[in-house]
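Have a look at the structure below, then the notes.
The values are calculated or read from the model by the stated rules, or taken from the named source; none is laboratory data. The shown structure was predicted, so the numbers you read here are calculated from the model rather than taken from an experiment. Here the Cβ positions follow ideal geometry from the backbone for every residue, glycine too, while neighbour counts run over all protein chains shown. In case anyone asks, the SASA skips ligands and DNA or RNA and just uses the protein heavy atoms, side chains included. Shrake-Rupley method; radii C 1.70, N 1.55, O 1.52, S 1.80 Å.
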Amino acid sequence: MLEKRLSFLAAAFIKGVIWGVWHLPLWFIPNSTQGDMNFIAFTLYCIILGLTLAAAYRLTKCIWVTILIHAWGNTILGGMYTLTSLNNYPSVKTLVVYALQIAAIMLILLIDKKRRKFMLK
C-alpha cells in the first residue's frame with residue numbers, strides 16, 4: 001500500500017523503520033538477545049534487511065524467498081558478524097556488509113526494471 005503512494009525505496013525505508021520499532025518490546029524482556037544491543041544499530045539493520053527483503057520480493061514475487069533471507073539475517077545476527085557491532089554502533093565491517101547489501105538491492109532493482117521494460121515490448 002505504501003508503494004502506491006511513495007517510491008519503492010521510500011516505502012521500503014519506512015517499512016524497515018516500522019520493523020525496527022516492532023522489535024522494541026524485546027529490549028524490555030530480561031535475557032533477550034536484543035537486550036544488550038544498541039537500538040539504533042539494530043534499527044539500521046532492520047532498514048537494510050527490510051530493503052533487501054522488499055527488493056527480493058519485488059523481483060521474485062515469492063514470499064518464501066523473503067522468508068529464507070529473513071532466516072539468513074537472523075542467523076547472521078545470531079552470532080556471525082553483526083552481534084558484536086549491534087552491541088555498539090555499527091563497526092566498519094558491518095557498514096561494508098550493509099553497503100554490499102545496498103549494492104545488491106540496486107542491482108536487483110535494475111534487473112527488475114529491465115525485465116519489466118522487456119515484458120512490455
List pairs: first in region 107-118 and among the β-branched types (V, I, T), second surrounded by 10 or more Cβ atoms within 10 Å (Cβ to Cβ), Cβ under 6 Å, 6+ apart or cross-chain? I108/A55; I108/L59
Which one of these is out of contact with any His (no Cβ under 9 Å at 6 or more places or on another chain), surrounded by fewer than 18 Cβ atoms within 10 Å (Cβ to Cβ), without any contact (Cβ under 8 Å) to a residue 40 or more places away in the chain and closer than 25 Å to I63 by Cβ: L9, L24? L24
Looking at W72 and the list (1) open to solvent by less than 50 Å² (accessible area, probe 1.4 Å); (2) closer than 22 Å to K93 by Cα, which single condition is not satisfied? (1)
Right, L49: at pLDDT below 90, open to solvent by less than 40 Å² (accessible area, probe 1.4 Å), farther than 15 Å from L109 by Cβ and of a type outside the set (G, A, S) or not? yes
Answer from I67, I76 - the residue that is part of a helix (DSSP H, G or I), farther than 16 Å from F13 by Cβ and either at pLDDT 85 or above or of a type in the set (D, E, K, R) (or both): I67
Working only within region 27-46, note down all residues that are in contact with a helix residue (DSSP H, G or I) (Cβ under 9 Å, 6 or more places away or on another chain), open to solvent by 60 Å² or more (accessible area, probe 1.4 Å) and not in a helix (DSSP H, G or I). I29
